[in-house]
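One structure is given here, and the rest of the page talks about it.
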Amino acid sequence: MSNLSNKNSNNNCVSSDKNIAVIVPTYNREKSINNIVNTFLELDDYRIHLYIIDNARNFHYDCRPNLTVIPNINAGGAGGFARGMLEVLDSEEHFSHVVLMDDDISFDSKLFERLINFLKSLGPDSNECFVGGAMFRSDRPYFHVESGAKWNGLVVEPLGYGLDIREPQATKMIDSIFGADYAAWWFCCIPIKYIRDDNLPLPLFFQWDDVDYGLRNKAGVYTRSDIYVLHEPFDLKRTAMQYYYSNRNSLIVNSCHDGGDSKKTVIKTLKNRIISEICLYRYEYAESLNKSIEDFLKGPMWLCSINPEEYNNEILRFNKPFQFVANKVDYDWLGVCRNIKDCDFLHKFIRMVSLNGYLLKSKNDFILPLYTDKPVQGYRANKILFLEEISGMGFERNKDIKKAICCIFKFLFLYIKLLFCYSNVKRKYRDKYSYMTSKEMWKKYLRLNELN
């Protein structure tokens, strides 16, 4: 349970009624956000107030008593959720809980009725614990992705991944999941006591803001199979931009919470990641990883001082488009490529000495799943086609020795810098943590005086 005290008089209201503020940041997703708004209007439930945080400032909808649309700069999901929390804090309504939701989910009209009934069944615990929504894939609604997750000090591990709701025991297994460190913000119900002007998200744009908030507040997490959403699959969201934020923000959050991983372990993990990207010819991912390390080392005050809207446009340059590639795929060959591995010690030795085949003549074009991360699967490839099998989308990458050398030398420079600066930078993030999560910082970061 949380050890944070409640300082807001608005939050001291304790009632058997469950009045919920729902915060949904959005950016240029007109169709999906209209679906969400229409679902809420159908509910017509006075206990629920929907806040749409419009990061693109182009969403038009007539505000109603239980619907508020708020224009915001594009500060990502974290900025949208922070803006929504500030609005809730300034509201005259007495909310018992706040639900944070993504704009690319779908859910049935009974979701909030089930949530409110579950909160009532918890009794006093409903004012202490988070309730996380189970996530299922929208393209395969039977496929359970996560019901809360664990943080192991460096990476996060989803709980219940891969359970098939069509199986008789799956529902029972999902309902028995416990021990989550946080609930992801595609759907997370938070008691109002935690929503304070000194307890706002980190300014991470997106990725890992929910991890940090869960670790910070140390609240228990409840999950249930009947409180769930359908979410777009993450496979096609693994862009170079996403890879940048994931790596940079994991370094920041792990610094703030000091998971105990040594500098050696952190650097080794980063080294393995960039080797994988270079060996698989995904040079834009290697470049974005280098950029994430470089920006992490700039420290917390740099993070709080950037214009997130303008800076994200710079990071977007790493992205390269996905295309429909299924018509190019030989699925028998995909099965062969999927199982590539070192057959013996000699093979591994030759592969390592030849820099994963960079010093040898290329042999074949390979076809690999989108999330492949094993360097051996790129050994002596001439060209690699990466495929997301459900959608048929993907991309092709060719060997480019010049790009590989540039990425390696950039990482070697950052490697040395990490050796000397990591501990000091880590301490700076911890020292500035309270400022980074404060109302003072967020009002400047979101340029609220300019918007108002």
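The values are calculated or read from the model by the stated rules, or taken from the named source; none is laboratory data. These numbers were taken from a predicted model, which means no experiment stands behind them. For neighbour counting, all protein chains shown are included, and Cβ atoms are generated from backbone atoms with ideal geometry for every residue, glycine included.
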* Structure fact -> Of (1) at pLDDT 95 or above; (2) small (Gly, Ala, Ser); (3) farther than 29 Å from residue 192 by Cα, residue 162 satisfies every one except (1)
* Structure fact -> When residue 440 is run through (1) over 30 Å from residue 379 (Cβ atoms); (2) in contact (Cβ under 8 Å) with a residue 24 or more places away in the chain, the failure sits at (2)
* Taking region 325-348 as the region of interest, how many residues are assigned to a helix (DSSP H, G or I) and within 37 Å of the chain's Cα centre (by Cα)? -> 12
* Structure fact -> The one condition residue 415 fails out of (1) assigned by TED's automatic domain parsing to the domain that holds residue 283; (2) modelled with pLDDT of 95 or more; (3) within 26 Å of the chain's Cα centre (by Cα); (4) crowded, with 18+ Cβ neighbours inside 10 Å is (4)
* Asked: Do you know which residues across region 293-327 are in contact with a helix residue (DSSP H, G or I) (Cβ under 7 Å, 6 or more places away or on another chain) and within 15 Å of residue 238 (Cα to Cα)?
  -> 315, 316, 318, 319, 320, 322
* Structure fact -> Of 33, 23, 73, 105, the only residue that is touching a residue at least 40 places away in the same chain (Cβ under 8 Å), assigned by TED's automatic domain parsing to the domain that holds residue 196, out of contact with any strand residue (DSSP E or B) (no Cβ under 9 Å at 6 or more places or on another chain) and within 27 Å of residue 249 (Cβ to Cβ) is 73
* Residue by residue through region 386-407, note down the ones that are modelled with pLDDT of 95 or more and touching a helix residue (DSSP H, G or I) at 6+ places or on another chain (Cβ under 6 Å). => 403, 404, 407
* Sort through 384, 401, 405 and tell me the only one that's of a type in the set (Val, Ile, Thr), in contact (Cβ under 8 Å) with a residue 40 or more places away in the chain and surrounded by fewer than 16 Cβ atoms within 10 Å (Cβ to Cβ). => 401
* Structure fact -> When region 255-307 is checked residue by residue, the ones that are of a type in the set (Ser, Thr, Tyr), outside any loop (DSSP other than H, G, I, E, B) and in contact (Cβ under 8 Å) with a residue 40 or more places away in the chain are 255, 265, 269, 276, 283, 285, 288, 292
